[in-house]
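In what follows, a structure is listed as structure tokens, so that the remarks can point back to it.
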Amino acid sequence: MDLSKFTDLSDDARAWVYIFEKPLSEEDLDSVEDKLTRFMESWNCHGASVRGAWHCFENKILIIAGESTDGMSGCSIDSSVRVLKELKTEGIDALNIANVHYRTADEILTIGRTAFANLCNSGSITDETIVFDISSVTRVGQLRETGIEKEFRSSWHAQAF
């Protein structure tokens, strides 16, 4: 995963990882780019500008990161979620935290937990299946160090399913 968009941010910068329910079309990507570019220009935390960056990988994975000299508070975090809620009204959804995301040879799939459990029970998900651990990553340094892709056996998924 190319993290070059985040080189100006420290390892301690906050990071949020979202995975869209479906791959984004060019039109969807344009909307994401428009909204996030405008958001980044005005993102602040208690009046202090937030230095932020974002990038969409594989038309499916969105990373938003930011840092402020005063730290990141709830209001600055809430404002980033508002952008995602705006996108959801356009059918571009990355806010369903009950979904599980995994990689096949061809694509990143997003399914509900029950369906994922069924795949685990049937043997379709193996120890080597790549899953996305998006809830554990909260800092840019973690993205740089470990990323978000893990083998099933080394992820929280193995304990849960």
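The values are calculated or read from the model by the stated rules, or taken from the named source; none is laboratory data. Since the structure is predicted, the reported quantities are computational estimates derived from the model, not experimental observations. Note that each Cβ is placed from the backbone with ideal geometry, even for glycine, and that neighbours are counted across all protein chains shown.
Quick test of your reading of the structure: VAL32 fulfils all but one of (1) out of contact with any Cys (no Cβ under 7 Å at 6 or more places or on another chain); (2) more than 24 Å from GLY141 (Cβ to Cβ); (3) surrounded by 14 or more Cβ atoms within 10 Å (Cβ to Cβ); (4) not polar (S, T, N, Q). Name the failing condition by number.
Here VAL32 meets the rest and fails (1).
Got a sec? Which of CYS75, CYS45 is in the same structural domain as TRP16 (by TED's automatic domain parsing), surrounded by 19 or more Cβ atoms within 10 Å (Cβ to Cβ) and farther than 17 Å from PHE6 by Cβ?
Criteria check complete, one pass: CYS45.
Could we say that LEU29 is in a helix (DSSP H, G or I), more than 26 Å from ASP127 (Cβ to Cβ), touching a strand residue (DSSP E or B) at 6+ places or on another chain (Cβ under 8 Å) and touching a residue at least 40 places away in the same chain (Cβ under 8 Å) here?
no
Please go through region 70-100 and give me each residue that is touching a helix residue (DSSP H, G or I) at 6+ places or on another chain (Cβ under 8 Å) and of a type in the set (S, T, N, Q), ordered by number.
Correct list: SER79, SER80, ASN99.
Looking at ARG113, is it touching a residue at least 60 places away in the same chain (Cβ under 8 Å) and of a type outside the set (Phe, Trp, Tyr)?
Criteria not met by ARG113.
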